[in-house]
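The values are calculated or read from the model by the stated rules, or taken from the named source; none is laboratory data. Nothing here was measured: the structure is a model prediction, and the numbers come from that model. Glycine gets a Cβ as well: all are built from the backbone with ideal geometry, and neighbour counts include every protein chain shown.
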Amino acid sequence: MVNDKIAEGARVAHDWGLASWLGGSMFGKFALNPAVRKIDDKRERGMVINAAWNGYNVINGLSLASVGLGWAAARFTETRPDRLTERERKLALAKDGLTLAALGSGIASGLQGAKLARQAPDGAVPIEGGTKPASETPPEAAKAQRSLNGLGLANITAGIGLVVVNALMSQAGHSRPPLRRALLRRSN
């Protein structure tokens, strides 16, 4: 049995990671990326976008790591299949897939963003918007930028899916009679 403080800490880290990563990704995708169109110079747009995302990379990386490690810790303890109802097992499997999708698309986004930023000094790649190349964007940079659009959408979709599954799992835990929950925790 896992110490409650350790389990709570892992859950807090997971939930913090999910909130900061998903919130940051949604802000970037739906607010920052379109807002740079207000900047007249297309190279300056690229420099601002790349500086902003590079500034958030550490938080994004820590957040994604917290999501993955927090869920992995739970899967080896409280959310082992033998401790779950059939419905909870299905939700846990969905969360496994969504977590892998979030980690994969997040890592791929970070790598593509770094590749894009290296295409010009100070990340000053000419762009139309955060994920839309300008006509003068070099072909390799344009390809990276277009892929960031799809990766960003996949990442946000996985994050929203994780929020939904977390809510359903939490509700399932609250709906189970307290005595049954206590017995399950002590019997394993």
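What to note about this one:
- Within segment 90-131, the residues that satisfy the criterion of being buried (at least 19 other Cβ atoms within 10 Å of the Cβ), under 14 Å from residue 44 (Cα atoms) and in contact with a Pro (Cβ under 9 Å, 6 or more places away or on another chain) are 119, 125, 126, 127, 130.
- The residues in segment 151-188 that are surrounded by fewer than 15 Cβ atoms within 10 Å (Cβ to Cβ), at pLDDT 95 or above and not β-branched (Val, Ile, Thr) can be counted, and the count is 1.
- Residue in segment 16-27 that is touching a strand residue (DSSP E or B) at 6+ places or on another chain (Cβ under 7 Å), surrounded by 15 or more Cβ atoms within 10 Å (Cβ to Cβ) and either among the basic types (Lys, Arg) or touching a residue at least 24 places away in the same chain (Cβ under 8 Å) (or both) present: no
- When segment 93-135 is filtered for residues that are of a type in the set (A, V, I, L, M, F, W, C) and in contact with a strand residue (DSSP E or B) (Cβ under 8 Å, 6 or more places away or on another chain), the ones remaining, listed by number, are 127, 134.
- Given (1) under 25 Å from residue 97 (Cβ atoms); (2) of a type outside the set (Val, Ile, Thr); (3) buried (at least 18 other Cβ atoms within 10 Å of the Cβ), index of the condition residue 11 fails: (3)
- Residue 52 under 30 Å from residue 121 (Cβ atoms), exposed (fewer than 14 other Cβ atoms within 10 Å of the Cβ) and either touching an Asp or Glu at 6+ places or on another chain (Cβ under 7 Å) or hydrophobic (A, V, I, L, M, F, W, C) (or both): no
- Of the residues making up segment 83-105, those that are small (Gly, Ala, Ser) and modelled with pLDDT under 95 number 1.
- First in segment 156-173 and at negative phi and in a helix (DSSP H, G or I), second anywhere and surrounded by 17 or more Cβ atoms within 10 Å (Cβ to Cβ) and among the small types (Gly, Ala, Ser), Cβ under 7 Å, 6 or more apart: 156/25; 158/101; 158/102; 158/105; 159/25; 159/102; 162/102
- Scanning segment 61-95 for residues that are more than 19 Å from residue 172 (Cβ to Cβ), free of Cβ contacts under 8 Å to residues at least 40 places away in the same chain and either of a type in the set (Ser, Thr, Tyr) or assigned to a loop (DSSP other than H, G, I, E, B) (or both) turns up just one, 76.
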